[in-house]
Amino acid sequence: MNETFSGVYSVTSPTESIHHSFGYANRSEQIQNEVTTRFGIASGCKLFTAIAICQLVEQGQLSFSTSLDSFQTFDLPNILPQVTIHQLLTHTSGIPDYFDESISDDFEALWRDVPMYRLQQLRDFLPLFQQKFMKDEPGSRFSYNNAGYILLGLIVEDVTGQSFTDYIEQSIFQPAGMIDSGYFSLDALPAQTALGYIDHSNGTWRTNQYAIPIKGSADGGAYVTVQDMGRFWEALFSHRLLDSSSTSVLLTPHVTVNDRGECYGYGVWIQRHATEEIYKYHVMGYDPGVSFHSGYYPKTATISVVCSNQSDGSFDVMKQIEAQIGERIE
């Protein structure tokens, strides 16, 4: 294990369960991370958004071919109205992004012009991209896109009449038994929540309080414990969140991402062998002060979760875990 890792990891299977914690949830007070500590997971919760959409499709309130022109209140003058929900879910919509990870990794630069504390609701994100022009033809290629998931969250709100975060907590967290998870404001974090830390090369550090939106939304920013994330995977694969047909659609490799066998379903990354056999479904998230990886390995029903309150570190731990369980997933 990397000596500088700060966070918690867990590995569970039908026959065993391993949990370990490292580092501090609060460095100033030297409060240690524990197995029950909550961590931000950044984009790791795009899968929650995708499941919410699939639930509404399952209920007959939407279809995956529903297009943006069905929602007249978003005010998107330069975005093509024929963009579909399927394309938003698979990052193939071609719409402009409010933060394009293919151009820059300086997420904090966004808040020089738009204070992060103003982004308290989904609609607060719209001015960051609604006047921009299309990047690609809809459906033409995969291009990871945060704004697409903001629009998906707005669609959930439009259809249900609920706030996005209320809907997720009631329709996903509660049925899955994720009793410690939620979308918390940075200035009102509950007990047993790790502060996110940004480390500098000179040995100094600061928290991420001014580096990410004040509250998570449809493209990222929920808080979970490793146990809750394990409960989530179990609920998904036991069809407590979606029926078997909808679960299958969610987990279908809808678009190929690269030539290494990586694909994308609805809100979830999918890794395949050369034989096309799927050996891992996984989600991940990175923000300043946050790194997260979690995977489900269908051959053995093994679940791995790595939560960290630093900007990196979770990937290396995940690779070590996979090296240990490699014989069971290869």
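All of the numbers you see were taken from the coordinates with simple rules; none came from a lab. From a predicted model like this one, the values you see are computed outputs, not experimental measurements. Using ideal geometry, Cβ is built from the backbone for each residue, glycine included, and neighbour counts are taken over all protein chains shown.
Observations, loosely collected:
- Modelled spin-label separation between Q324 and Y117, with each label point placed 7 Å from Cα along the Cα-to-Cβ direction: 4.2 nm.
- Counted by neighbouring Cβ atoms within 10 Å, the residues C45, C263 run from fewest to most as C263, C45.
- Overall form of segment 43-189 per C-alpha gyration tensor (a/c, 1.5; a/b vs b/c): oblate
- Taking a point 7 Å out from the Cα of E3 in the direction of its Cβ, none of the residues of segment 185-211 has a backbone N less than 12 Å from it.
- Cross-link pairs K46/K135; K132/K215; K132/K280; K215/K299; K46/K319 - those with Cα-Cα distance over 29 Å: K132/K280; K215/K299
- Förster-model FRET efficiency, 41 Å R0, L189 and Q72, C-beta, rounded to 0.05: 0.65
- For segment 7-329, the residue among F125, S185, P14 whose Cα projects farthest onto the positive side of the dipole built from Cβ charges is P14.
- Label zone of H19 (point 7 Å out along Cα→Cβ, amide N under 13 Å): in segment 268-300 this covers no residue at all.
- CD proxy at 222 nm, helix term only [per DSSP H run n ≥ 4: -39500 (n - 2.57); per residue of the chain; nearest 500]: -6000 deg cm²/dmol
- A simple spin-label model places the labels of E234 and S140 4.6 nm from each other, with each point 7 Å out along Cα-to-Cβ.
- As a proxy for reagent exposure, H91, H273, H293 were ordered by neighbouring Cβ count within 10 angstrom, fewest first; the result is H273, H91, H293.
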